[in-house]
Every structure is written in C-alpha cells, then in structure tokens.
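K.L.:
If you scroll down you'll find the structure; I have some questions about it.
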Amino acid sequence: MASLKFLRNRISSVKSTQKITKAMKMVAAAKLRKAQQNAENARPYSEKLNSIISNLKNSVTDMDSAPKLLVGNQKDETHLCVVLSSDRGLCGGFNTNICRKAKVFFEKILNEKKILKVIVVGSKANDQLKRKYNQYIIDKISLKDEKVISFGKAQEITDKILNLFTRNEFDICTLFYNEFKSVISQIPQAQQLIPVSIEQKSNQQSLVSNSEYEYEPDENEILENLLPKNIATQIYAAFLENQASEQGSRMTAMDNATRNAGDLIAKLTINYNRTRQAVITKELIEIISGAESL
Amino acid sequence: MADNIHLEIVTPKQVAYSKAVDSVVVSGIEGDMEIFKDHISLITFLKAGKIIAKSGNDSDTFFSTGGTVEFSNNKLSILLDNFFASTEFQSEELLKLKKKAENKLNNKEISDEEIYLNNQIIEQINNLKS
C-alpha cells in the first residue's frame, strides 16, 4: 500500500490540476460566448454575398469568358488543401478531428495519383500532419500573434491562395475547418473554395428576378471583383466557426477533466483514509501487544 | 410605411444598420447615385465615400472605403468592407486606412483603377476631417 505522504502529495497535485482545468473551462466559456457572437454576426454578410454571386452565376451564359475562379481550370489534377486548426492544445478532439478529415481526403487524392498541396493554418495542424505529409506542405501560417482573428488575416491567406491560382499552381482548392453546431458537437467540414461551389438551395425567388438586374459595371467585371472577396469572406467565416468550435471543444474537454479530477480525488481520499486508519490500528496493536508482554 | 425601402448595411463583423428609409445616397464606382423606391434591381460597387440614408427630414451619414450594393424588391443591401458611423469620422482606424491607401500608391505596379480608388480613399478621408 502506498505511503501516507505519497497519497497526500498526490491528492494535492490532483487538486491543483482540477483548479487549473476549472479555470480553463471558465475562460473557454467566456471566450466561447464571444466567438459564437462573432460567428453569428458574420453570417448575414456571407449569406448576402453568396446570394449575389449565385444570382450572377445564373446570368453568366458564356462559360468560356467567365472568370476562372467561378468555373475553374476545367481540370482536377492538382488539389490545394487549406487546413484550419488552432494554435493551442488542450481542446479535446478539436484538432484531431479536422486532421482526420483532412487525412482521409489526402489519401483519396493520393490514391487517384493526383498532386496534393497543403497549406496549414495554426501550428496544431502542422504538428499532426507533418509526420506523414511533410513533403506536401507548401506553406505554414501561424496565428500566434493574432488574439482575435481579423478579416485582414483571412484576406492575407486569400491573397496567398489567389496568387497560387493565377500561377496555375493548383486546380481545386478545399478548405478544412470545424463547423460549430453546439458546445458538445463540432463537425469537421471540407468546403470547396475554387471553383466556387454555391449551394443551389438558395431561394428560388432570386432566380426569377435575376434577369431584371442592372449591372454596373458588367457582370463579368463584378464577378471578378466579388469572387476573391467571397473567398476571403468564406475563409473568415470558417475562422470564426473554427474559433467558436475550439472554445466549445475546450470547454467540454476541461469540464470532463475537472470531473475526472473530482472522481480521482474522491478515490484517493478514501484510499488515504483507509491507509491512515490501518496505520493507527497497527500502532495500537503494537502498543497493546507491547503492554501485554510486560 | 409602404412607400419606403428597407436598407440593410452589413459588414463582415456585424449587421451595422437595418432600417426603413425613404432614399439612400451612395457613391457608386461609376458615379454617385440616389436610390429611391422601385428602382430597377441593381448590383454595383462602391468607391470610398459617404452613404446617406434619408428618411423624412432626418438623415444618417456613414462612411466606407468600398463595398457592394444590391437592390431588389425594394430591399437595399449594402455589403461594406468597413463601416464608420458619423461619430467615428475622426477615429484612428480611418487614419490607418488612409496610410494603407498611401502605401499602396507608392507601389509601382498597381493598375490605374487602383490608383483612382486609393486616391479616392485619401481624398474622402481628408474631406471628413474638415
């Protein structure tokens, strides 16, 4: 049986761990509220932009002269994957889930003998992917110095992607991130950025009125300007979703950790009390038998 | 009221303004325009400038360095890159934007269009100050 001193130390160490996880949970909960708010606030913008673009897409009749970002290169040889993760750990399966989703996709591409290029955002994705896919990683973007993800950061990544695209370095771009469903459920998502995939479910009503639109300047020019902006917006929205997911995931993980620490303390305390009682009993026996022998 | 349009100003950060107004003045990329009820459906870009939402004798003034306007079915959606209410016309953020535009102008490789747009940003921000 472990010594009393050992048990005492163990209990106090678990207690201090519990304090830390509890504090982290509180912090995550506070940050989550803010991140969730941000994500919700950003939604109208991306929805509006999406509806404008889907309107425009329907009015583009000549696919050859349409912007490349909309229709793509008509090839799918080279895939660029952008994996969004966090820079900090201790958030449960958050980063692992994205990476697992990404890895499945990577394997599929590699099996089809296509070329894979990867941009990792946030150091955790890099840590998890570099062992197996290091030769495919072409760029690493750190979020270390960003406290709150700004639109500027999303713009920066977009510029990088667009730069690669204009140099014909890839044909299809896919973005990996965690969509925030609720505190306990975050769903890893793979979203195609280039060529633009617009959900056709957007209301039928807009399709009816689209022929009446007046464009100033003409459709193609508007599209050329809007599409890069759309990509930036999507990346930004993904960032915000990711952030909310990260905090949600961390909150759940820390909540579990706090509870586990509580269980552990209870077990250790029982053990400690038993051991203490055993020691007392042993001492008593020794004293009594010592007295008897006199 | 039946005789007005619904204006919604949206930025990546938030829905900044949502209200029924009589008319809206925007500085479109091909010239300023005022949009009234039953305007034809329209999509256009904005250059730097003020956005004035008028309702009755009141008007709200905003500033932005650029964005997109969509008008259909008497709903006007303005998607802005950045948004400043009239109380924020002296803010530090605007100075930063001006700096950014000036830096861009120093870059030799930019197109005429960009030169024009960035000049507009600087000019409009200067106008706000006075």
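K.L.:
With A:72, A:89 as the choices, which residue is small (Gly, Ala, Ser) and free of Cβ contacts under 8 Å to residues at least 60 places away in the same chain?
P.N.:
Step by step, each of A:72, A:89 is checked, and only A:89 is small (Gly, Ala, Ser) and free of Cβ contacts under 8 Å to residues at least 60 places away in the same chain.
K.L.:
Please go through region A:162-173 and give me each residue that is outside any loop (DSSP other than H, G, I, E, B) and either out of contact with any strand residue (DSSP E or B) (no Cβ under 6 Å at 6 or more places or on another chain) or open to solvent by 10 Å² or more (accessible area, probe 1.4 Å) (or both), ordered by number.
P.N.:
Just the residues of region A:162-173 that are outside any loop (DSSP other than H, G, I, E, B), to begin with: A:162-166, A:172-173.
Scanning region A:162-173 gives A:162, A:163, A:164, A:165, A:166, A:172.
K.L.:
Within region B:41-59, take every residue that is in contact (Cβ under 8 Å) with a residue 12 or more places away in the chain and not in a strand (DSSP E or B) and give me the one that is most open to solvent (accessible area, probe 1.4 Å).
P.N.:
Initial filter on region B:41-59 (in contact (Cβ under 8 Å) with a residue 12 or more places away in the chain): B:41-56.
This time we only want the ones that are not in a strand (DSSP E or B), so: B:41, B:47-48, B:56.
Details: B:41: 13, B:47: 26, B:48: 2, B:56: 60 Å².
Top of the filtered list is B:56.
K.L.:
Filter region A:138-147 down to residues that are touching a residue at least 12 places away in the same chain (Cβ under 8 Å) and either in a loop (DSSP other than H, G, I, E, B) or not β-branched (Val, Ile, Thr) (or both) and give me whichever is surrounded by the fewest Cβ atoms within 10 Å (Cβ to Cβ).
P.N.:
Going through region A:138-147, the residues touching a residue at least 12 places away in the same chain (Cβ under 8 Å) turn out to be A:138-144.
Next, only the ones that are either in a loop (DSSP other than H, G, I, E, B) or not β-branched (Val, Ile, Thr) (or both) stay: A:139-140, A:142-144.
Working: A:139: 15, A:140: 14, A:142: 12, A:143: 20, A:144: 9.
Checked region A:138-147; the qualifying residue surrounded by the fewest Cβ atoms within 10 Å (Cβ to Cβ) is A:144.
K.L.:
What single numbered condition from (1) within 20 Å of residue B:94 (Cβ to Cβ); (2) open to solvent by 30 Å² or more (accessible area, probe 1.4 Å); (3) in a strand (DSSP E or B); (4) within 12 Å of another protein chain (Cβ to nearest Cβ) fails to hold for residue B:18?
P.N.:
If we test residue B:18 against (1) within 20 Å of residue B:94 (Cβ to Cβ); (2) open to solvent by 30 Å² or more (accessible area, probe 1.4 Å); (3) in a strand (DSSP E or B); (4) within 12 Å of another protein chain (Cβ to nearest Cβ), just (1) comes out false.
K.L.:
If the requirement is being among the β-branched types (Val, Ile, Thr), surrounded by fewer than 18 Cβ atoms within 10 Å (Cβ to Cβ) and assigned to a helix (DSSP H, G or I), which of these qualifies: A:21, A:17? Give the steps one after another, and end with the answer.
P.N.:
Numbers: A:21 fails: surrounded by fewer than 18 Cβ atoms within 10 Å (Cβ to Cβ).
It is A:17.
K.L.:
Tell me, which residue of region A:93-121 that is more than 25 Å from residue A:231 (Cβ to Cβ) and within 11 Å of the chain's Cα centre (by Cα) is least open to solvent (accessible area, probe 1.4 Å)?
P.N.:
Once the filter is applied, the top-ranked residue is A:93.
K.L.:
So residue B:96 ticks every box in (1) open to solvent by 10 Å² or more (accessible area, probe 1.4 Å); (2) in contact (Cβ under 8 Å) with a residue 40 or more places away in the chain but one. Which box is left unticked?
P.N.:
Going through the list (1) open to solvent by 10 Å² or more (accessible area, probe 1.4 Å); (2) in contact (Cβ under 8 Å) with a residue 40 or more places away in the chain, residue B:96 breaks only (2).
The values are calculated or read from the model by the stated rules, or taken from the named source; none is laboratory data. Predicted model only: the values in this text are computed from it and were never measured. Note that each Cβ is placed from the backbone with ideal geometry, even for glycine, and that neighbours are counted across all protein chains shown. Each accessible area value is taken on the protein alone, full model and side chains, heavy atoms only, with ligands, DNA and RNA left out. Shrake-Rupley method; radii C 1.70, N 1.55, O 1.52, S 1.80 Å.
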